[in-house]
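The values are calculated or read from the model by the stated rules, or taken from the named source; none is laboratory data. Keep in mind the model is a prediction, meaning the values are calculated, not measured. All Cβ positions, glycine included, derive from the backbone under ideal geometry; neighbour counts span all protein chains shown.
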Amino acid sequence: MGGLLNSARKFFQGMTPAPLARAQTFAVTCSEGHRLTGQRTEGYQALRCPTCGEGLFVLPRSPLPEPVAPSGARGAEGGRRAAVVESPWADDPVPLRDPPPSAGPERPEVDEPPEADAEIEWVDDGPAAPPSPKESPEDLAAAEIAAESRAERASAPRKGEGRKGRAPAPERAEPAPEPRAPAVPLGERLRRNRNPLVFMGVALLVAATVGVRSWRARLQELPHIAERGRVEGLVALDEGRFDQANQLLSEAKRAVQRLGGEFEGASAIVQGADEAAILTGLCPDRLEDLLDEAARADPKEWAKRFDTLYKGRSILVDSRLRSVPDGQGRGRYDLDYRIFRDGEGGVPTSQGRIDLTGFRLFELIKPREGDPVKFGARLASFRFDLDANVWLVGLEPDSGVIMTHEKALESILGPPDDVGGGGEDRP
């Protein structure tokens, strides 16, 4: 009855699918401490560390099944392991027989594990000679890594040695390029996109036509703009309407420059535009007030305040030249005008003068010593000179304009008799 049950059990076990082999992983560490993990294969693996390049050996996947709990028990006599061989064709038990006695001395019986039914085969990519009994898989992996290193050094070209005559190194197989679509001829592409190209060409032609017509119309209007500035702009300047004069005369100046200066009254338009720009940008305070404020303020704070409120604003100066450079260029331009704080008598505690260094107006008109000058310019700096113990008022080099419209100046300063003489700043 027991044999029948065993046969039935083996029959049903044979019908069930074999359990899937579970993946076996490995984790090895090189001598530098870099850890490499992966899955074991049927053959051993000779790898290199991706960080330091050191050779590593990985054992193959174990062909043995997963271990299970032992089901047999030791016999009562002598502790021998009884191996029961069951046959699927016979239900009767097989009698046990002792092995024949050997001729040599008797050895103590020791329980030994059963040997494997099959030998482990080491699978490699290429053919290899069968390992000798004394060589271990670790030695084989080390030898394979050393052979690869020698091959790489032998294939690398030496210093100063050409590549002529050297067999080319085997190249890695690259994926085949994707098939390209045949090139379409230019004529065919133009035929396919004919309608968009025609539309684009018409749009460009229309835009160019409109641009040319606008340019011609603007060019034809330039004489009218210049004439309006000469008539209306100069009149507005003399009447003290400086904002309107600046707008009309600045447009007229640009029109005259585009016409190349070939316009009647072009010089008067340019001069009037420059004077209108000076008068519309006058500094709200006198230089005497700026000197008083600078003398009482902190030097750093004063520099910031001047750049914020006063730099770039214009001033009017009516004075005489105290000194001019000589014929060889020695000396400098200097005015009689000096700046003092209001209410100081005797020896003033602070004084200032206009620094004409780099001021190009006088270099163009070349005035002589003692000549009266009436000009406008824009402020560039207001600083204290420790060596001369004086405040220096710097001007923008190209901002100088000789003021010729007396009526415009009278609208600001009043008649000349009310000024009280020359030599004063008149913002």
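Scanning segment 389-402 for residues that are farther than 15 Å from LEU335 by Cβ and in a loop (DSSP other than H, G, I, E, B) returns ASN389, GLU396, PRO397, ASP398, SER399. Within segment 206-254, which residues are polar (S, T, N, Q) and over 15 Å from SER267 (Cα atoms)? Scanning segment 206-254 gives THR209, SER214, GLN220, GLN244, ASN246, GLN247. Exactly one residue out of VAL235, VAL270, VAL231, VAL212 is closer than 27 Å to VAL317 by Cβ and free of Cβ contacts under 8 Å to residues at least 12 places away in the same chain: that is VAL235.
Just one of the numbered conditions (1) farther than 29 Å from ILE412 by Cα; (2) exposed (fewer than 13 other Cβ atoms within 10 Å of the Cβ) is not true of ASP342: (1).
The helices (runs of 4 or more DSSP H) found entirely in segment 241-353 that carry 1 or more residues being not assigned by TED's automatic domain parsing to the domain that holds ALA388 are 242-258, 266-280. Of the helices (runs of 4 or more DSSP H) that lie entirely inside segment 185-239, those containing 3 or more residues that are modelled with pLDDT under 85 span 186-192, 194-228.
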